[in-house]
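The values are calculated or read from the model by the stated rules, or taken from the named source; none is laboratory data. On a predicted model such as this, the values are computed, not experimentally measured, just so you know. Cβ: placed from backbone, ideal geometry, glycine included. Neighbour counts: every protein chain shown.
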């Protein structure tokens with residue numbers, strides 16, 4: 001076919017073609033619009049393995065033309081055949097894909113002028129694209145798929161969205177996501193669009209990047225140069241982001257590391273800014289390299305202004321947001337006091353520089369003031385900036401929002417942003433190694449931010465980028481449209497994230513594993529794990545942790561073995577590796593805890609667990625080595641090199657250090673010892689206080705307690721167990737052990753006597769004999785709801801008996817959020833404070849007590865901060881008809897100069913906040929626990945009712961039995 005110039009195409013269009021093409025039905029990209037089977041009206045993007053050719057204008061943005069090449073490559077990866085990419089003219093009469101930007105591409109402008117595309121769909125829109133099939137777009141071409149954007153990024157998003165629809169995952173490079181081959185790709189009819197983003201700027205911050213990312217980039221690309229950043233820009237855009245704080249740890253400097261970095265970012269449409277302590281488009285590393293005096297505006301004002309002026313001059317016309325203000329040298333506070341007048345003068349002077357250099361009114365250059373750490377004190381004390389400057393609020397570095405705009409501040413035209421963290425170097429202990437962020441927590445805090453007016457910039461610290469793949473995707477997806485993802489949608493997000501790569505059948509289980517693995521990791525960061533984190537003695541806590549990981553690891557390995565070789569790498573990176581290495585790490589720490597406890601008890605197994613600790617410590621290193629050297633032929637070498645074992649302070653240790661262990665010189669002959677689960681302590685021996693009686697058994701809880709027999713000598717220990725009552729059931733009556741064995745003790749209730757009774761077990765071995773009491777309570781009253789067990793009722797917040805909503809406020813379960821089950825909160829998140837009354841939103845839990853007296857209720861809450869900056873967030877609690885108690889979850893909490901107070905250290909270490917209420921004179925029987933909303937933003941995870949039997953543990957007792 002003869003090449004047709006654009007000017008001829010324009011005049012060959014006829015009115016009849018125009019009218020026949022206007023069949024534009026609005027469609028949504030919420031579901032797939034590329035299918036494997038053709039329909040009557042679908043567009044054949046690829047047929048029999050051959051994709052259609054692409055057409056783009058050379059007058060369009062260079063970034064658009066570049067990404068058109070990416071789409072060309074993506075079609076090749078999926079179909080195995082590379083389509084042609086034409087510029088301006090075509091040499092094919094078959095169906096084509098036309099790509100362009102409204103107002104920039106003559107190809108798109110002609111289609112608009114001819115009426116084949118409605119300009120109103122794109123004019124004046126921010127980052128919007130439409131994808132639709134058009135008949136007779138130009139002479140000789142009967143049909144085209146048009147990807148048109150309202151601006152540069154809109155067009156780019158349209159192309160990348162189509163790539164994702166055909167099976168190119170946004171993390172195809174950064175996580176080696178598999179690409180499933182297809183021979184048929186058909187685009188369904190209608191207009192496909194994501195609309196405009198609800199949050200204007202959406203981006204990531206590459207931070208804390210040594211030793212992992214830095215060494216990887218040096219080995220792979222030579223440094224943080226434009227080859228490296230091209231992969232980052234593509235990743236951001238494929239995830240529908242548009243904003244970047246580049247790597248900045250010494251000696252990184254985005255512009256000077258490679259002069260092509262800034263140019264390439266502008267070409268792709270990535271908005272570049274600098275961090276909260278790097279004002280005026282200058283990297284702090286540049287100041288250090290200049291050695292031009294002190295970083296002090298009071299003593300070195302002229303040199304700092306020269307430095308900043310050069311940053312604005314260098315910025316030129318690149319799309320940027322200029323950071324204003326100032327912090328101290330090395331990301332520290334500028335001074336010990338909040339010097340408001342000085343900060344105001346700095347910002348005034350900076351804005352004068354911007355206006356002078358750009359030659360435009362200052363407000364025409366986007367600017368942001370970041371309220372990070374102590375800088376928020378300036379805002380809290382009333383300092384405000386010009387109306388065109390965006391205010392960037394920040395979390396506490398641990399995913400808890402510190403402050404949100406008050407309603408009277410929402411008229412601020414510059415808008416508001418939020419700087420969030422998936423990675424942090426600082427107190428109480430840095431977390432940088434694995435992903436420890438639940439997307440449910442991100443949803444709750446960022447939904448809160450959005451509903452309270454933070455809609456202009458969402459920025460997240462992703463550390464080394466890997467292994468933060470999942471939460472990064474979620475953060476940017478959620479930022480595009482926070483109104484589209486509700487709490488109930490969260491479980492499906494995991495599944496949908498991997499569905500195209502791993503298939504519908506496997507995606508369901510993979511999604512479940514991802515949700516659980518991040519849940520387990522978020523309970524306590526790997527860097528904060530200790531031998532005594534999880535209780536070895538109460539509620540079987542440590543063993544439950546190990547069992548959870550054992551099951552998760554088995555499921556992960558089972559899937560891994562089923563996968564084809566092409567899929568294994570991505571699955572290993574995203575699922576199997578973090579599960580396996582976390583499982584191993586928890587085994588190591590729990591073994592260290594057992595080594596100490598068992599050593600104190602004189603057990604022979606103390607030495608065994610010392611060996612386990614050593615084995616797991618070196619297995620950790622081996623798993624990291626395999627990740628670096630064997631996976632993808634070493635592609636990701638260095639990425640897991642962050643130290644994570646042996647923290648002594650907030651900062652990472654120079655090398656991993658194994659937990660301390662000790663060995664015992666034990667007796668040559670066998671020696672008998674034992675402990676009872678839920679035992680009643682009665683006497684001392686050389687291993688400490690030990691029990692001669694179990695706590696009572698009852699038929700409703702149907703307890704199954706263990707009697708753990710252990711050996712204190714080198715020779716094997718032979719034991720016998722004899723139940724003196726036929727209603728006592730034993731899982732073992734004799735055995736020979738080297739170390740330890742747990743014998744399960746339970747009751748045959750069909751034989752058990754009524755009332756309160758006591759039975760006995762005799763334990764014999766190594767010349768010793770012990771009689772152990774087994775008490776019964778077989779005369780319990782009628783029960784309903786959650787049932788007391790040995791002085792405790794434990795209730796997961798999501799398992800309510802009744803909810804009562806008001807006209808405009810409702811209770812919402814956030815599935816999987818929190819340490820043990822799910823969480824519950826109120827929506828909308830910007831609801832006003834409630835005054836208690838008959839219509840106040842309330843939630844109820846039914847429970848039964850066997851004893852009477854004073855109750856203490858521990859309410860487990862997400863560690864939400866006092867983002868309203870008032871006296872604190874509140875809720876109300878009562879049992880039955882007693883007067884509700886108003887509980888202030890922030891009572892007594894102060895943050896002097898944003899240091900690290902104990903209350904905050906504890907809440908972010910444990911990822912929970914506990915508030916206790918006391919309820920006197922509660923009778924035995926069935927009761928109702930009532931919780932009223934006072935403030936929005938309070939997130940409930942668990943309630944533990946203590947009648948006197950509560951024991952220490954990290955996660956609290958497991959949920960009580962529920963009887964309907």
*Does at least one position in the range 729-738 carry a residue that is in contact with a helix residue (DSSP H, G or I) (Cβ under 9 Å, 6 or more places away or on another chain) and either under 30 Å from residue 668 (Cα atoms) or exposed (fewer than 14 other Cβ atoms within 10 Å of the Cβ) (or both)?*
yes
_Here is a check on your reading of the model: is residue 783 part of a strand (DSSP E or B) and in contact with a strand residue (DSSP E or B) (Cβ under 6 Å, 6 or more places away or on another chain)?_
no
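Can residue 395 be described as modelled with pLDDT of 95 or more and touching a helix residue (DSSP H, G or I) at 6+ places or on another chain (Cβ under 9 Å)? Before the answer, list the steps.
Details: modelled with pLDDT of 95 or more: yes; touching a helix residue (DSSP H, G or I) at 6+ places or on another chain (Cβ under 9 Å): yes.
The answer is yes for residue 395.
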*Do any strands (runs of 3 or more DSSP E) lying entirely in the range 134-224 carry at least 3 residues that are touching a helix residue (DSSP H, G or I) at 6+ places or on another chain (Cβ under 8 Å) and at pLDDT 95 or above, and which ones are they?*
141-149, 201-206
*When you go through 607, 595 one by one, which is the residue that is within 26 Å of residue 540 (Cα to Cα), surrounded by fewer than 21 Cβ atoms within 10 Å (Cβ to Cβ) and touching a helix residue (DSSP H, G or I) at 6+ places or on another chain (Cβ under 9 Å)?*
607
*Does the range 363-374 hold any residues that are within 15 Å of residue 325 (Cα to Cα), touching a helix residue (DSSP H, G or I) at 6+ places or on another chain (Cβ under 8 Å) and not in a loop (DSSP other than H, G, I, E, B), and which are they?*
367, 369
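In the range 117-160, what count of residues is obtained for those that are surrounded by 19 or more Cβ atoms within 10 Å (Cβ to Cβ) and more than 13 Å from residue 102 (Cβ to Cβ)? Before the answer, list the steps.
Of all residues in the range 117-160, those surrounded by 19 or more Cβ atoms within 10 Å (Cβ to Cβ) come to 117, 121-122, 127-134, 136-138, 141, 144-160.
Okay, now just the ones that are also more than 13 Å from residue 102 (Cβ to Cβ), so 131-134, 136-138, 141, 144-145, 156-157, 159-160.
Adding up the residues that qualify gives 14.
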_Need the failing condition index for residue 185 against (1) farther than 30 Å from residue 47 by Cα; (2) touching a strand residue (DSSP E or B) at 6+ places or on another chain (Cβ under 7 Å); (3) crowded, with 23+ Cβ neighbours inside 10 Å, just the number._
(1)
*residue 682 is checked against (1) exposed (fewer than 14 other Cβ atoms within 10 Å of the Cβ); (2) closer than 30 Å to residue 778 by Cβ; (3) at pLDDT 95 or above and fails just one. What number does that condition carry?*
(3)
*Are there any helices (runs of 4 or more DSSP H) wholly within the range 252-306 with 3 or more residues that are crowded, with 21+ Cβ neighbours inside 10 Å, modelled with pLDDT of 95 or more and in the same structural domain as residue 389 (by TED's automatic domain parsing), and if so which?*
260-268
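Filtering the range 398-448 down to residues that are at positive phi and in contact (Cβ under 8 Å) with a residue 60 or more places away in the chain, which residue is surrounded by the fewest Cβ atoms within 10 Å (Cβ to Cβ)?
First, pick out the residues of the range 398-448 that are at positive phi: 399, 415, 426.
This time we only want the ones that are in contact (Cβ under 8 Å) with a residue 60 or more places away in the chain, so: 415, 426.
Numbers: 415: 21, 426: 16.
Ranking the candidates gives 426 first.
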